[in-house]
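Written out below as structure tokens is the structure these notes cover.
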Amino acid sequence: MNHSSYEEWLLSGEELDQEQSQALQNHLQSCPDCTNLQKSWSQLEPILSASTQVDPAPGFTQRWKDNLALRRAQQQRKITWRFLGFLLAGALIFFLALVIPQLGSLPTPIGSLDWIVFSFISILAGIGELQEYGWIFLSSVPLIVPISIWIILAYSLFSWSCIWFFSIWKLPALIRSKNEAHP
Ligand SMILES: [Zn+2]
């Protein structure tokens, strides 16, 4: 048996039979290198095996799952609020589309100011109502609804708002300017 074979025995941790362990003991008495190796290894080995078998803290998995659910719920709430934001933006666009064309046709500046204030107050009341409906909606609709559906809803609402805005606000002006250009 040579020196490196004893080193291998020391480091592999495999079970030695009686004859082998006797041979190792004999070698250790005559070889300071292997004695040092055995000492170092006997100190290091428990640390290594302990660090590879560390169990997670109790309840770790459950906490992780809870956190995940919480994060998902927060994300979904954020998206729902964004969706409501689109609704409000749509309402605002509708308001502007209604109010601005009226400004020219109203008789006096005072009258138009009154009308704007009145319209603004009624729109604010509408928004308050919308918020209330939003809360009912939020508390009744389960958060199970996938995020993708919210995104699709919000996106299509936004697109429709754009089309709506364009048709109410821009299209008549375009037609008018065309008619004026070709009487
Ligand atoms: Zn040796």
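Take the residues in the range 19-68 that are more than 16 Å from the ligand (Cβ to nearest atom) and part of a loop (DSSP other than H, G, I, E, B), then tell me which one is modelled with the highest pLDDT.
59
Name the pairs whose Cβ atoms lie under 9 Å apart, with the first residue in the range 149-165 and more than 13 Å from residue 91 (Cβ to Cβ), the second modelled with pLDDT of 75 or more and among the basic types (Lys, Arg), and 6 or more positions between them or separate chains?
So the pair list comes out as 150/82; 154/82.
Using the structure shown, decide if residue 16 is free of Cβ contacts under 8 Å to residues at least 24 places away in the same chain, surrounded by 10 or more Cβ atoms within 10 Å (Cβ to Cβ) and assigned to a loop (DSSP other than H, G, I, E, B).
Here the answer is yes, as residue 16 does meet what is asked.
The values are calculated or read from the model by the stated rules, or taken from the named source; none is laboratory data. Values in this document were obtained by computation on a predicted structure and should not be read as measured data. Cβ coordinates were reconstructed from backbone atoms using ideal geometry, including for glycine residues, and neighbour counts include every protein chain displayed.
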